[in-house]
Structure formats: C-alpha cells, structure tokens
Number of protein chains: 2
Amino acid sequence: MAINAAEYSRRLAATRARMGDAELDALLVVDPANIHYLCGYNAWSFYTPQAMLVTPDQQPLLVMRAMDAQGAHRTVFPDTAEVDGYAESYVHRVDRHPFDAIAERFREAGHGRRMRVGVEGDAHFFAVRGYLALAKALPEWELIESHELVNWVRVVKSDAEIELMRAAGRVSSHVMATAVDAIEAGLPQPELMATIQSAQALGTGDTAGDYPAIVPLMMAGDAVDTPHLTYSNTRFNEEAVSLELVGVHKRYHAPLARTVSLSPPSQELERLAEVTAEGLNLVIDGMRPGMSVADAHGLWQRHISAAGFEKDSRLGYSIGLGYPPDWGERTVSIRGDDHTVLEPGMCFHLIAGMWLSSTGCEISESVTVTASGVEVLTDAPRELIVKG
Amino acid sequence: MAINAAEYSRRLAATRARMGDAELDALLVVDPANIHYLCGYNAWSFYTPQAMLVTPDQQPLLVMRAMDAQGAHRTVFPDTAEVDGYAESYVHRVDRHPFDAIAERFREAGHGRRMRVGVEGDAHFFAVRGYLALAKALPEWELIESHELVNWVRVVKSDAEIELMRAAGRVSSHVMATAVDAIEAGLPQPELMATIQSAQALGTGDTAGDYPAIVPLMMAGDAVDTPHLTYSNTRFNEEAVSLELVGVHKRYHAPLARTVSLSPPSQELERLAEVTAEGLNLVIDGMRPGMSVADAHGLWQRHISAAGFEKDSRLGYSIGLGYPPDWGERTVSIRGDDHTVLEPGMCFHLIAGMWLSSTGCEISESVTVTASGVEVLTDAPRELIVKG
C-alpha cells in the first residue's frame, strides 16, 4: 500500500484547513518529515536550508540547494510541489544566508506581499539565522509561530499509513529479536551495533527496512539509569542492558525498547520490571478512542504510585514519519496534563522507561488506536528479558 | 591518544580568546559537536534543547533535559563543565519552552546582567523558539551572531586530534574497500547498506568505529547526477553507482567517496572520471601551508576548465568532529572566494563531485595539512572503479 495522489491531496487539504483555522495566508514548512509528508521528497539534504511555502491555492513551492534540487524529482510525488534551487554561493557564508535566496524566490513567485505566514519555530533545521534573514528579506510578512501545524495533521494516520506503521512494527520486532538473540556477556558492543543496523537495513524477508531517525541506543550496567546513550568500544558484562531500537519502513518508525539482563537480575530490578510491565499493560488494555491522553496516563500513574514508584518523564509520544534526530512527532505527549482526545489512527510510542539511580528498566511498545482500543504494532516479550 | 585535560583547557582558552576578540562577555554553545569539543559530552540527546554558557572566568554551565543530565557525567570530562537539568514539563509544550528554563538557570547562576552574548545562529538544534524565548527571558542580554566561533577554533587540529582523524581515515578506507568488494549488479541496495553500516560500526581490527553523522549515501544509475540520496529497496543494475561513505572514530569523521561502475563505463564517464581524478591530484599535490584556499581551488578550477568541465559547487570543506546531520564544520569551504590561509592541522574533505545531467562522478579524499603539504587520511584507488 503506497501513498497515492489522493492521499497527498488529502494531506494538503488538511494542512490548508488548519491554516485557515489559524488565519494564516501561508505556511513555511522546514521540518523534513513535514516536507516528506506533503510531497514525498526524501534525501539527506536537510543539513542545508530547505523550505516549502504552502498557500491556500497554489502548488507548494519547495526551495533547496541547487545540487539537491537537481535530483528532487526522483522522490517528489508528481504534481505535489514545484521544486527550485538556490545557488551554491549562499552555502556557509558569513555575509549572506540561503534564506536570503529562498525569500527572494518566494518574492519572485508573487508572495512578497502583506501576509500572515506560519513558521515552524521549534522544527529542527530552521536555524535562527534563517528566520532572521527571512524576516529581513520579507518585511511584508508577519511571521507567526505555527506550533507544529503539519505535525498535528500527521497525528491521525490514514489506512495506508497504518499499513506502513504495521510494516515498521514488523521490522522493529525482527530487529529486537535479532538483538536479544545476539547479546550476551562478553560480546563487544560494536558487534551488537553492527547486528542491529544490519537488521534495520535489511528488514524482514518481506518488508523493507530503512535508516532510523535515531541510532540504536544501548545503556549497559549502571548506565541503565539514563536514556539516549550510544554504543562504546567495550564488551557487555554480566549486567542489565537497555536497548532502545526501532524498525523503519518508508520513513515510518515503530520504536521498541527492552531491558535485557545478562545475569540473574537483582530482586530490585525484577520488581521494577514487573511493575513497569504491569503499568504498560494497563495502558495498552485500557486505551480507547474518546478517552483523553491524561486518562490513559492515569492508568499507568495510579499503578506505579501504588507500587511506590515515580516517573517524572512522559510515558510516550506520537510517532509516525521521522528523520534524524527524532522519530517523535512533537505533538501529543502521554502525560497527566495532555488532554488530547484519542482517535482511531493515532500512533504512539508508549515508553515505560524507569530511570532510577544506578538501576533502570525500559519496556515499550508502538501502538495505534483502533475503533475499539489499541493495536500493538511491535512484538517482544513484554518483561525484563533474562539471558543470564 | 586521547583528549586529555590539557587539551580541554587549551580548547576553552582558545574559545575564550576568540570571545575576547569579538568583545563577547559570554558565548552560548548549542552545536552538539561544539559541546563535545569543549567538555566531551556525548549522547543522542540533542533533539531536545541543550545549551552551554561559556564565560571568561567560570566553569562552563551545560543545561539539558533532566533525564539526560542524569547520565551526562558518564561522558563529560572531569572539571570541564557543570551540568544541570531542566524539568520534563518543559518538553514539547505550546505554552513554555525548554529555553525558558535554561535562561532561568543562567539567571540563577548570576548571568542575568547586561552582557554581549554570542549565539550560534546557524547551528543545528538551536530552534527559533529557543532563540526567542532566550531573548524574552534575558532581556539584559544583547544577542550577537557568533558566526561559528567554536567551529573556527576547531579548524586547526591538535596532534592528538590528527591521530584521531588518522584513525577515522583507516576506518573509512576499510569501509570503502568493504563496499567496493561487496557491490555488484544484482545486489539489493539494502544488503550493501547493511555491509557498510557493519563495517562502520565494527571499525578495523585495531581501530574502533563509531556511528556516522550522515548515513551511507548511494546514488545509482541516472541518479549519479545528484548527491545526498539514501538507499532504496531495489537492486543495483549494470550501472554507475556513487558511494559517499565515512569512517568515524570517537566522533571524528574522514569521509570518502567513489563512483563504481558495474558495467563497462561510457567514454563520457571515463573521461569525466579521468579529469576529476587529475584535478583532485593537482590539489592534493599542490596544497601547502601558507597557501590560500582560493589558490588551492584554482589548481582544480584551471584543470577542469581547460578540459571543458564546470563545477558550481565547492570542492570541499573543513571536517573533524561531527554529529548528525553533518560531518562538515561549516567554516572553510574550498572555493574560489574563500581566502582562508591553510595551516598545518587543518583537515578537509576534498570532494571532487561532478554532477552533470544523467551522469556524474564523485572522487574524494580526506586530508590534513602538514608542515610541507598534505597527508591523505583515506585510501582507495583514486579513479573510477570499474567492476563490470
């Protein structure tokens, strides 16, 4: 199931509808996942500025570095965007900025007039210099924080997208099974990294992989009390190891985390993992459309509080398309003060990550909300995995 | 050879000296490579805001998300930075921003006074909302574009860093040799991706690898006329393929690109590759300290012009430490109007990338400037590699 012309039309229409709600005359899209969502463009070109201008009635105009614009037609879906390039002479200069050229191109296209223009102020790859250059070059524009406008369109997935998320989940489950099978005390961390990355790239026999927005994360020994560490040139000991991994299919991500104990676990860790898994199960069993995120979070919160544990960080977040450095959508967060109402087609990484002092445990699943509850996209034993 | 306390002191002193030259009372560092350079911190935490404040006389203060701050001591070199965390409640909110909390922490530390503060306006991961929040929360500060201040300190490498770059070069050469050995018509692109990533993760027997700032790029068939494309779920044909790869050692990058022809190449491609390699050789043979970058570029430019070719894009750029999405330092560009004078210890990716229409060729090397010329850090046949 591929993303077809009708789906791209729907996405653009939904974006324009939100623009209307926010009384925006135009929206400037820089988040690579949002650009991909609206036109399919896919390349590792986002380290130099690129921006798409969406207006209510014209084809979106995507401007990027000339050398990248030359190949954009290879991934841009037909008739979703006009692509134009800016000259190389704007790259990495003190005296000018690519957004000078991007702004000029927008002016040439007739957009140099009084408008309320939404900007993605919290997107990765929209640099401060770009924002300031834009403000200077197009003083007619009133720049307005869009607060993840396209990301919010992305929150509810179409049936075609859910198929892609299921595919990502299959890759993810395969990646985790491969990692759990390979890991043991004495194994060099680089070897596990290589094994995991191979599985991510190859996918399963039937389902293609893709490169991940976040490299495989592995926290070993005392370091299980922290997330987001990368591998090092050491060997695993007889210790606990948290693996935060992902399977990716056509840029859709289904993360999956587990803690694996390579020695008989302490009673403390066993109990922590038990409570963590129980809490996660309560949420998975209890989440349903019409419920608020806060209420779903409450299922977790009450359980771990009763068991004497605390977790300051959120229990999860909305997922879908992703580019480095993040597979999250930066919209819904599963926490007590997020009152978003769950709808079918929303997808979340529910990450029950407990980072205590010198111990910790991560058990997560990627899920999608269905008509009656949730479907779990990932598959691995939902417990502390002991290989001791 | 590791980065020791003396080297961290030297780096901080050099940063402070440049701050003095720019009449800055403080510098806000957000680029993950710059943070790593100044204190060694290393984690995949840069997708939520983090910032280090460097002043003339106090220990740098690094503020990041609380869950990441908890583990920062695992990689921060002793006595290089004080680390503090902001509360989870600032993450991904409409009504507040992590930079509200970061600014408050700076105020608490006594920095809420009239100061000229340099900011990295073109750094990745310094979002517009962060900049605006900072400006609002610390109105005493005059925010001044620092124009890659720390990146410019990084341009000239120490002896210890050159050792790390050599190590990265060894990994890089091994990665390319592995890829060239594996690629053939009929091979699925995902299999080559897996092979390359394994080699990157494992390094050579003696030299550890690390994860790259840019995933392996592969452009096949007609797509050799563009850079920066990622792999797809297809098989290589009897065609030309450009591989833009890298070896990484302790976050230092030595990129290496080659075009491999999986069939007897056309005369057009053969001639293009010949001219490209000759031009690159002229630069490698001619570059020396004291020469300007523009003059080095001229060696290339005159050769390809005489041969009837054009290249709009720069011939290379400064390299060293890197985090996604880029292994370049965003400082020196090898082009005709960059008048930086070459110094021993500078490192460059010289990328002779010729992207014509439906054909193209990439031949690159990573080099470091020595006392008398350049040392090539990477090793692969400097020509169109034919495996047809």
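The values are calculated or read from the model by the stated rules, or taken from the named source; none is laboratory data. Not measured: the values here are computed from a predicted model. Please note: Cβ atoms are built from the backbone with ideal geometry, for glycine as well, and neighbour counts cover all protein chains shown. SASA here: full protein model, heavy atoms, side chains in, ligands and nucleic acids out. Shrake-Rupley method; radii C 1.70, N 1.55, O 1.52, S 1.80 Å.
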**Asked** What about B:Val275, is it of a type in the set (A, V, I, L, M, F, W, C) and within 14 Å of chain A (Cβ to nearest Cβ)?
**Response** no
**Test for B:Asp122: is it open to solvent by less than 50 Å² (accessible area, probe 1.4 Å) and either farther than 16 Å from B:Leu61 by Cα or touching a residue at least 24 places away in the same chain (Cβ under 8 Å) (or both)** = yes
**Message:** Quick check on A:Leu280: is it more than 23 Å from A:Pro188 (Cβ to Cβ), within 22 Å of the chain's Cα centre (by Cα) and open to solvent by less than 30 Å² (accessible area, probe 1.4 Å)?
**Reply:** yes
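Among B:Gly209, B:Gly205, which is the only one that is at negative phi and free of Cβ contacts under 8 Å to residues at least 12 places away in the same chain?
Being at negative phi and free of Cβ contacts under 8 Å to residues at least 12 places away in the same chain holds for just one of B:Gly209, B:Gly205, which is B:Gly205.
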**Message:** Considering only region B:206-216, I want to know if a residue exists there that is closer than 23 Å to A:Ala69 by Cα, open to solvent by 10 Å² or more (accessible area, probe 1.4 Å), in contact with a strand residue (DSSP E or B) (Cβ under 8 Å, 6 or more places away or on another chain) and within 11 Å of another protein chain (Cβ to nearest Cβ).
**Reply:** no
**Request:** Considering only residues that are closer than 21 Å to B:Asp326 by Cα and within 9 Å of chain B (Cβ to nearest Cβ), look in region A:315-326 and name the one that is surrounded by the fewest Cβ atoms within 10 Å (Cβ to Cβ).
**Result:** A:Asp326
**Message:** Residues to consider are A:Ala81, A:Ala101; find the one that is within 14 Å of chain B (Cβ to nearest Cβ) and either touching a strand residue (DSSP E or B) at 6+ places or on another chain (Cβ under 8 Å) or within 29 Å of B:Gly336 (Cα to Cα) (or both).
**Reply:** A:Ala101
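Listed here are the residues, each with its yes/no results for (1) within 14 Å of another protein chain (Cβ to nearest Cβ); (2) within 30 Å of A:Thr55 (Cα to Cα); (3) in contact with a Gly (Cβ under 8 Å, 6 or more places away or on another chain); (4) surrounded by fewer than 18 Cβ atoms within 10 Å (Cβ to Cβ).
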site	(1), (2), (3), (4)
A:Glu142	no, yes, no, yes
A:Glu148	yes, yes, no, no
A:Ala179	yes, no, no, no
A:Ile196	yes, no, no, no
A:Gln200	yes, no, yes, no
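Here's the yes/no breakdown for (1) in a loop (DSSP other than H, G, I, E, B); (2) under 14 Å from B:Met219 (Cβ atoms); (3) open to solvent by 40 Å² or more (accessible area, probe 1.4 Å); (4) touching a strand residue (DSSP E or B) at 6+ places or on another chain (Cβ under 7 Å):
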| position | (1), (2), (3), (4) |
| --- | --- |
| B:Leu350 | no, no, no, yes |
| B:Gly353 | no, yes, no, yes |
| B:Glu365 | no, no, no, yes |
| B:Gly388 | yes, no, yes, yes |
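When you look at A:Ala51, is it more than 23 Å from B:Glu329 (Cα to Cα) and either under 18 Å from the mean Cα position of the chain (by Cα) or not β-branched (Val, Ile, Thr) (or both), yes or no?
No: the conditions fail for A:Ala51.
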**Message:** I need the full set of residues from region A:13-45 which are open to solvent by less than 10 Å² (accessible area, probe 1.4 Å), among the aliphatic types (A, V, I, L, M) and assigned to a helix (DSSP H, G or I), in order please.
**Reply:** A:Met19, A:Ala33, A:Ile35, A:Leu38
**Request:** Determine whether B:Met165 is more than 14 Å from chain A (Cβ to nearest Cβ) and either closer than 30 Å to B:Val29 by Cβ or in a helix (DSSP H, G or I) (or both).
**Result:** yes
**Message:** Condition check: of a type in the set (A, V, I, L, M, F, W, C), under 21 Å from B:Met218 (Cα atoms) and either within 9 Å of chain B (Cβ to nearest Cβ) or open to solvent by less than 20 Å² (accessible area, probe 1.4 Å) (or both). Does A:Val175 satisfy that?
**Reply:** no
**Fill in**
Scanning region B:369-386 for residues that are open to solvent by 70 Å² or more (accessible area, probe 1.4 Å) and over 15 Å from B:Glu278 (Cα atoms), the one farthest from the chain's Cα centre (by Cα) turns out to be B:Val386
**Asked** Mind checking whether some residue in region B:226-238 is more than 8 Å from chain A (Cβ to nearest Cβ), open to solvent by 10 Å² or more (accessible area, probe 1.4 Å) and hydroxyl-bearing (Ser, Thr, Tyr)?
**Response** yes
**Message:** Tell me the residue from B:Asp312, B:Asp222 that is surrounded by fewer than 16 Cβ atoms within 10 Å (Cβ to Cβ), farther than 25 Å from B:Val175 by Cα and acidic (Asp, Glu), please.
**Reply:** B:Asp312
**Prompt:** So which pairs qualify, if the first residue must be in region B:296-319 and among the small types (Gly, Ala, Ser), the second must be in a helix (DSSP H, G or I), the Cβ gap must be under 6 Å, and the two must be at least 6 apart or on different chains?
**Reply:** B:Ala296/B:Val283; B:Ala307/B:Val275; B:Ser313/A:Met67; B:Ser313/A:Glu88
**Asked** In the set B:Glu191, B:Glu184, B:Glu142, which member is part of a helix (DSSP H, G or I) and acidic (Asp, Glu)?
**Response** B:Glu191
